[in-house]
Amino acid sequence: MGRMPAKPFYLTTPIYYVNDAPHIGHAYTTVAADVVTRWHRQRQEDVWFLTGTDEHGEKVLRTATANGVSPQEWADRLVESAWKPVLETLDVRNDDFIRTTEPRHESAVQAFLQDLHDKGEIYQGSYEGPYCVGCEEYKLPGDLVDGTGEFEGQKVCPIHLKPVEMLAEQNYFFRMSAYADRLLALYEEHPEFVQPASARNEVIGFVKQGLQDLSISRSTFDWGVPIPWDSQHVLYVWFDALLNYVTAVGYGSSDDAERAQLDRLWPANVHLVGKDILRFHAVIWPAMLMAAGLPLPHQVFAHGWLLVGGEKMSKSRLTGIAPSDIIDTFGSDAFRYYFMRTIAFGGDGSFSWEDMVARYNGELANGFGNLASRVAAMVGKYFGGVLPTAGARTGLETDLEAVAATAVADAEAAIDRLAIHDALGAVWTLVDAANLYITETQPWKVAKEPGETDASGAGVDGGRLATSLVTAVEALRSLAVLLHPVTPKAAQALWELLGADAALGALDAQPVSSAASFGVLPAGTPITKGAALFPRLDETA
Ligand code: MSP
């Protein structure tokens, strides 16, 4: 019998509400997910990356109504005009896109509900209490904060800073309270289940206070998945939405191939979420899976918020910036690089145009792009654009190769703990060291020394000039591999100008580990200068 193939690395983003178009806060989650999954692909792992849209619930219904269209029409419009196109804008390589209004999702959700009902996990009761439509969440009185400004004297949602609504409805309830002990045991036995540590502590603290049963149906509107045994009720939107992670990969399907996909992909390795939706993923979702007897995901990782003026960027507070506002000027690579590099993943961060321009010019244009153009230009000038044969190595060459090996090891470890910013920091040690190497070896000076060039001024094989340019080219080859997950367009352009496509095959096929050692690109490979990878931007523009 052959070996079982390794389980694919399955990562998800939250599914996005379609009440509005994406802003850079949403793009942040998606880009992080894309960088991590592309990194795993570069390791030559089998990967599955799921994203999609959350289309039911009161919030979407109200927006549609306010715009005079049916919620389905509204969702279709937003998905086609905004949510799918933004993936292209961000250069995202997802494997699937799930919409909660798709039949594959709705029918599987009903199967899940029926199963829980049959297992005695659901009962009928009545709910009375605060509800935030912005969060689509039943709140506890203790969750609310004092309002300010126009809401002075009222209790408001701490995230939306708006008053909550009081609900009093007959509902179906999920026996979530029964799972508190099992959840606490899960957090204890699997510290990796909720990360980072701050998120884990928050969740443990929350569950330790005791859990209430969860109201999982609404009967005052009908935009949702009908409860299979009582069509007067639609399913609570979060119960519906969380299930996308299994319905998208075949849960509840009657098709054999789709069910085989569930066995292959589930449980997910990572659910990436913003910290505002941590409890849903780290408390409600595992309790749902426990109740259904399904395996639990390995990890829920909560990242921080993009802040504007110290508050969460949001469309409802009119602080949302569309991704294309930035990408039109800087390009998708720079967008991806900026947010992944500058914000410690897990913490909050902010965006400013000044900082973006400064980092673009300093790190991408001068640091990385200029390294590539200088090296390619010198190979052009001294070796007619053909990679020479290197001569004897000195300590400078072994040192630079050691930097590459350390960068790979550090970046790999950082990606495994989802410290994306540290992974980029590690890669940048190679950018900086390669620039320093050029400064120290001074190829343009070496070229003037006897024996380094022939009578026509062309560099000779085996000399120090050849060694330094070959070594710098090898550093660039490593960087193309390491930056491919983060800045895919520039990495591909670099790969092509290094002639590596023809010499070594597609960039996709180069394992991350191949970036750790030099001496790979064969002598004779044609190297072209190409266009600047990151043209400098005018700082005053
Ligand atoms: N529909 C739910 C998720 C259901 S998942 C089963 C939802 N949607 S959302 O569109 O409001 O948010 C989706 C993601 O965008 C969340 O991870 C959220 O944290 C992220 N962000 C929205 N605004 C953000 C910032 N200002 N900063 C960083 N991420 C933010 O919640």
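Things to note:
- For the stretch 404-429, a residue qualifies if it is part of a helix (DSSP H, G or I) and either free of Cβ contacts under 8 Å to residues at least 40 places away in the same chain or of a type in the set (D, E, K, R) (or both), and the qualifying residues are 406, 410, 412, 413, 414, 416, 422, 426, 429.
- Qualifying residues in the stretch 229-238 (those that are under 20 Å from residue 101 (Cβ atoms) and either within 11 Å of the ligand (Cβ to nearest atom) or assigned to a loop (DSSP other than H, G, I, E, B) (or both)) - the one farthest from the chain's Cα centre (by Cα): 236
- Residue in the stretch 34-43 that is of a type in the set (Val, Ile, Thr) and within 23 Å of residue 81 (Cβ to Cβ) present: no
- Considering residues of the stretch 102-127 that are surrounded by fewer than 17 Cβ atoms within 10 Å (Cβ to Cβ) and of a type in the set (S, T, N, Q) only, the residue nearest to residue 50 (Cα to Cα): 107
- Residues of the stretch 412-446 that are under 22 Å from residue 519 (Cβ atoms) and touching a Phe, Trp or Tyr at 6+ places or on another chain (Cβ under 7 Å): 431 alone.
- Any hit, the stretch 527-538, residues being within 21 Å of residue 336 (Cβ to Cβ), basic (Lys, Arg) and part of a helix (DSSP H, G or I): no
- Matching residues in the stretch 290-318 - criterion: being within 13 Å of the ligand (Cβ to nearest atom) and over 22 Å from the mean Cα position of the chain (by Cα): 309, 310, 316, 317, 318
- Test: residue in the stretch 215-227 that is within 30 Å of residue 415 (Cα to Cα), part of a loop (DSSP other than H, G, I, E, B) and over 22 Å from the mean Cα position of the chain (by Cα): no
- Residues in the stretch 461-498 that are crowded, with 21+ Cβ neighbours inside 10 Å and not in a helix (DSSP H, G or I): 463, 484, 485, 486, 487, 498.
- One residue stands out among those in the stretch 52-74 that are over 22 Å from residue 164 (Cβ atoms) and charged (D, E, K, R): the one that is surrounded by the fewest Cβ atoms within 10 Å (Cβ to Cβ), which is 73.
- Cβ-Cβ distances below 8 Å connect the following pairs, each with a first residue in the stretch 486-509 that is at positive phi, a second residue that is of a type in the set (Val, Ile, Thr), and a separation of six or more residues or different chains: 499/525; 499/527; 499/528.
- For residue 10: the one exception among (1) surrounded by fewer than 17 Cβ atoms within 10 Å (Cβ to Cβ); (2) under 30 Å from residue 510 (Cα atoms): (1)
- Members of the stretch 441-459 found to be part of a helix (DSSP H, G or I) and in contact with a Ser or Thr (Cβ under 9 Å, 6 or more places away or on another chain), listed by number: 441, 443, 446
- Those residues of the stretch 53-86 which are farther than 13 Å from residue 16 by Cβ, touching a Lys or Arg at 6+ places or on another chain (Cβ under 8 Å) and within 16 Å of the ligand (Cβ to nearest atom), in sequence order: 58
- Count of residues meeting criterion [over 16 Å from residue 35 (Cα atoms), aliphatic (A, V, I, L, M) and within 13 Å of the ligand (Cβ to nearest atom)] in the stretch 323-350: 0
- Scanning the stretch 1-52 for residues that are near the ligand (Cβ under 10 Å from one of its atoms) and closer than 18 Å to residue 312 by Cα yields a total of 15.
- For the stretch 309-360, residues that are among the basic types (Lys, Arg), under 26 Å from residue 277 (Cβ atoms) and at pLDDT 95 or above total 2.
- Applying the criterion of being farther than 18 Å from residue 114 by Cβ and more than 16 Å from the ligand (Cβ to nearest atom) to the residues of the stretch 239-264, the residue that is surrounded by the most Cβ atoms within 10 Å (Cβ to Cβ) is 261.
- When we screen 432, 399 for residues that are touching a residue at least 60 places away in the same chain (Cβ under 8 Å) and more than 17 Å from residue 511 (Cβ to Cβ), the only hit is 432.
The values are calculated or read from the model by the stated rules, or taken from the named source; none is laboratory data. Bear in mind the structure is a predicted one, so any value in this text is a computation, not a measurement. Neighbour counts are summed over all protein chains in view; Cβ atoms, including those assigned to glycine, are modelled from backbone coordinates with ideal geometry.
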